[in-house]
Amino acid sequence: MLSNRELFLMNTAQTSSSPRLVEVVKAEGVYLYGPNGEEYMDLVSGFNVSNIGHRHPKVLEAIKTQLDQYLHVTVYGEFVQAPQVLFATELLAELPSNFQSVYLTNSGAEAVEGSMKIAKKYTGRRQIIAAKKAYHGSTQGALSLIGNDEYRQAYAPLLPEIDFITFNDPGDLANITDKTAAVILEAIQGEAGVRVPDIAYMQAVRKRCDETGTLLIFDEIQTGFGRTGKLFAFEHFGIVPDILMLAKGIGGGMPLGAFVAAKEVMDVIKDNPMLGHITTFGGHPVSCAAARASLAVIKSEKLVEQVAYKANLFRKKLSHPAIREIRGLGLMMCLQLDSFEQVYSVSKYCAEQGVMIDWYLHCETALRVAPPLTITEAEIEKACNIIVKGLEKYAKSM
Ligand code: PLP
């Protein structure tokens, strides 16, 4: 009989020729478990999803309650489904008052697609500006915003009238004009290797968008839901975007995304033509029930409040000359090394020692460290000791 690993390689689509091939049979808190008793601390949070850890009991309870009521009943936007309505209401209560309407999706990329559409229709403009080294998802619209020519050219032609500026470079802001429908930026560039922009830059982007009547769209798909030490990363910059895109961490481990805007902006999809943006499964009631529970956990366990302390602990314990720089904000961190060989060997060693770390799509010379916000001090200590041992073994400074 073929093993699950062999069947994975044979029957499921491969996204690279070097998948991690770690088999998981259970996950709990910060841990993943393999079929032969392997135990891994998940320092990647399933790629910024498991902010409250895997299988949080409150999320499981909410899912079970919803399972006893209904699963899918109809397409999004027709019936009144309490988990959707209440999650949207609770989400808006956490946001400034210019956010008045939530559109629930299945994924991050789908939130990006919807946001681009409402920005174009609301402004009547076509040009969208994104940042070099951005990552906003893999569907064709979202991929059009990827600031990396290798990926764009492989799937060309993509959307027209997309232009790029250099992230965190105020000199490029003159490219935003009264022809620009929207500027789409990650609040912190994730896949570029965790690039935190200057406060003054973000404020200048906001000002330029205001001057030109351009909508400012923030992608908080990685940075959202407490990871950076605020519930939303835009709070660090003293500005408020016009459209906010969320996914990953919002579903407590279930698939869910959202884009949030003023009612006047969101309402453009209602008419001319009606049903301008629809989805069958977006805002699935089980996902929304999980999202409500997850938000309640983030608040009741005061997880956001603990982020800065835990992040400092990581920074203190991860002291090694091979780490050229630790970039990041809160528990969205990046350890800059010198080469992909070092990154690969250290992350392989760490996985063998029971700590799962990874790297970034556009920055393969840096280690990705983004643990669940629930990680304890003892777990941080254990994980950092293993990473430092890995660096000692495989990334001795030249
Ligand atoms: N935006 C950012 C910043 C992301 O990191 C991702 C996924 O990694 C996406 C958008 C796309 O989200 P999804 O994979 O849910 O489509």
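May I ask you to verify whether G282 is under 22 Å from R227 (Cβ atoms) and surrounded by 22 or more Cβ atoms within 10 Å (Cβ to Cβ)?
Here the answer is no, as G282 does not meet what is asked.
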task = Just one of (1) open to solvent by 10 Å² or more (accessible area, probe 1.4 Å); (2) in a strand (DSSP E or B) trips up R206, so point out which.
result = (2)
query = How many residues does segment 208-230 contain that are more than 18 Å from the chain's Cα centre (by Cα) and small (G, A, S)?
reply = 1
key: Lone qualifier among G238, G251 - being out of contact with any Gly (no Cβ under 7 Å at 6 or more places or on another chain), away from the ligand (no atom under 16 Å from the Cβ) and closer than 30 Å to K299 by Cβ   = G238
task = Sort through V307, V343 and tell me the only one that's open to solvent by less than 10 Å² (accessible area, probe 1.4 Å), under 20 Å from L231 (Cα atoms) and not in a loop (DSSP other than H, G, I, E, B).
result = V307
ask   = Is segment 149-158 home to any residue that is open to solvent by less than 70 Å² (accessible area, probe 1.4 Å) and within 22 Å of A261 (Cβ to Cβ)?
value = no
query = Of G224, G193, G252, G229, which residue is open to solvent by 20 Å² or more (accessible area, probe 1.4 Å) and either within 19 Å of K132 (Cα to Cα) or in the same structural domain as Q127 (by TED's automatic domain parsing) (or both)?
reply = G229
task = Test V25 against the stated conditions and say whether it is within 16 Å of the ligand (Cβ to nearest atom) and of a type outside the set (S, T, Y).
result = no
remark   = Flagged in segment 201-228 as among the hydroxyl-bearing types (S, T, Y) and either closer than 15 Å to R125 by Cβ or within 16 Å of the ligand (Cβ to nearest atom) (or both), in numbering order, are T212, T214, T223, T228
query = Say we look at segment 310-324 and pick out the residues that are touching a strand residue (DSSP E or B) at 6+ places or on another chain (Cβ under 9 Å) and without any contact (Cβ under 8 Å) to a residue 60 or more places away in the chain; which of these is farthest from E379 (Cα to Cα)?
reply = R324
request  = Take segment 350-365 and flag every residue that is surrounded by 19 or more Cβ atoms within 10 Å (Cβ to Cβ) and in contact with a Phe, Trp or Tyr (Cβ under 6 Å, 6 or more places away or on another chain).
outcome  = M356
key: Exclusive hit being more than 16 Å from T374 (Cα to Cα) and touching a residue at least 12 places away in the same chain (Cβ under 8 Å), set V265, V297, V307   = V265
message = Taking the criterion of being surrounded by fewer than 20 Cβ atoms within 10 Å (Cβ to Cβ) and outside any loop (DSSP other than H, G, I, E, B), would at least one residue in segment 91-100 satisfy it?
response = yes
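Just wondering, is there one or more residues in segment 40-56 that are outside any strand (DSSP E or B) and without any contact (Cβ under 8 Å) to a residue 24 or more places away in the chain?
The answer is no; no qualifying residue exists.
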Index of the failed condition, D42 passing every other in (1) among the acidic types (D, E); (2) open to solvent by 40 Å² or more (accessible area, probe 1.4 Å); (3) under 30 Å from V304 (Cα atoms) = (2)
ask   = When you look at Q66, is it open to solvent by less than 60 Å² (accessible area, probe 1.4 Å), within 30 Å of V297 (Cα to Cα) and at pLDDT 95 or above, yes or no?
value = yes
query = Hey, among G213, G224, which residue is of a type in the set (G, A, S) and either within 25 Å of L331 (Cα to Cα) or free of Cβ contacts under 8 Å to residues at least 24 places away in the same chain (or both)?
reply = G224
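The values are calculated or read from the model by the stated rules, or taken from the named source; none is laboratory data. Bear in mind that the values here come from a model prediction, so they are computed numbers and not experimental data. In this analysis, Cβ positions are derived from the backbone assuming ideal geometry, glycine residues included, and neighbour counts consider all displayed protein chains. Only protein heavy atoms, including side chains, enter the accessible area calculation; ligands, DNA and RNA are left aside. Shrake-Rupley method; radii C 1.70, N 1.55, O 1.52, S 1.80 Å.
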